[in-house]
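Structure, as structure tokens:
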């Protein structure tokens with residue numbers, strides 16, 4: 001029997017009532033059998049400073065360790081000014097440093113995002129995919145999960161209520177697990 005696929009989930013927002021944090025919490029309900037989802041909160045990560053690379057702040061060391069232990073990554077990002085939020089970019093930078101110690105290297109990943117706008121973080125997701133190229137992260141291409149008009153898809157307590165969105169998240173997680181298992185296969189198998 002295959003070992004469970006360990007997915008590390010990261011929301012690119014610090015706001016307590018963020019739709020993206022709510023979407024990540026909802027994703028925990030839809031993790032397929034044979035997989036787990038652990039959530040890492042970005043609060044407490046200091047601003048990246050190359051001077052601190054040799055003595056990592058504890059929260060950064062924890063992030064790097066969790067990324068390395070994970071079989072796959074799920075990033076749920078808002079879109080700020082047509083791109084990823086600074087807090088997410090900061091965490092990505094920390095976890096890829098110091099040079100030659102890239103925790104993201106070779107990890108399969110899925111991206112989703114929620115926005116009150118129509119496009120549902122499409123631009124931020126594209127920018128994240130560009131970062132993945134340099135980081136050597138293997139992004140799942142489909143299905144994409146772009147939760148537009150998020151205020152209509154979550155209730156006042158932050159619970160995902162939209163059945164179509166739930167189905168997209170469920171399918172994306174199933175695909176991420178399958179993608180991860182495929183990438184884990186030995187070459188030539």
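Some points to look at:
- Residues of the stretch 1-60 that turn out to be closer than 22 Å to residue 147 by Cβ, touching a strand residue (DSSP E or B) at 6+ places or on another chain (Cβ under 9 Å) and part of a loop (DSSP other than H, G, I, E, B), as a count: 7
- Residues that are surrounded by fewer than 22 Cβ atoms within 10 Å (Cβ to Cβ) and in a loop (DSSP other than H, G, I, E, B) within the stretch 64-84 comprise 71, 81, 82, listed in sequence order.
- Residues located in the stretch 85-106, provided they are assigned to a loop (DSSP other than H, G, I, E, B) and over 25 Å from residue 182 (Cα atoms): 85, 97, 98, 99, 100
- So residue 150, is it in contact with a helix residue (DSSP H, G or I) (Cβ under 7 Å, 6 or more places away or on another chain) and either surrounded by 17 or more Cβ atoms within 10 Å (Cβ to Cβ) or over 25 Å from residue 15 (Cα atoms) (or both): yes
- From 11, 35, 61, residue being under 14 Å from the mean Cα position of the chain (by Cα) and either surrounded by fewer than 18 Cβ atoms within 10 Å (Cβ to Cβ) or at negative phi (or both): 11
- The number of residues in the stretch 107-119 that are touching a residue at least 40 places away in the same chain (Cβ under 8 Å) and part of a loop (DSSP other than H, G, I, E, B) comes to 4.
- Criterion: crowded, with 21+ Cβ neighbours inside 10 Å and within 24 Å of residue 69 (Cβ to Cβ) - qualifying residue of 183, 160, 176: 176
- Summed over the stretch 137-166, the residues that are closer than 22 Å to residue 124 by Cα and either part of a helix (DSSP H, G or I) or within 19 Å of the chain's Cα centre (by Cα) (or both) give a count of 20.
- When we screen 102, 141, 136 for residues that are farther than 30 Å from residue 56 by Cα and modelled with pLDDT of 95 or more, the only hit is 141.
- Failed item, numbered, when residue 132 is tested on (1) touching a helix residue (DSSP H, G or I) at 6+ places or on another chain (Cβ under 8 Å); (2) outside any strand (DSSP E or B): (1)
- Identity of the residue in the stretch 132-142, free of Cβ contacts under 8 Å to residues at least 40 places away in the same chain and surrounded by 17 or more Cβ atoms within 10 Å (Cβ to Cβ), that ends up nearest to residue 102 (Cα to Cα): 132
The values are calculated or read from the model by the stated rules, or taken from the named source; none is laboratory data. Every value quoted in this text rests on a predicted model; they were computed, and no experiment measured them. Note: ideal-geometry Cβ built from the backbone for every residue, glycine included; neighbour counts use all protein chains shown.
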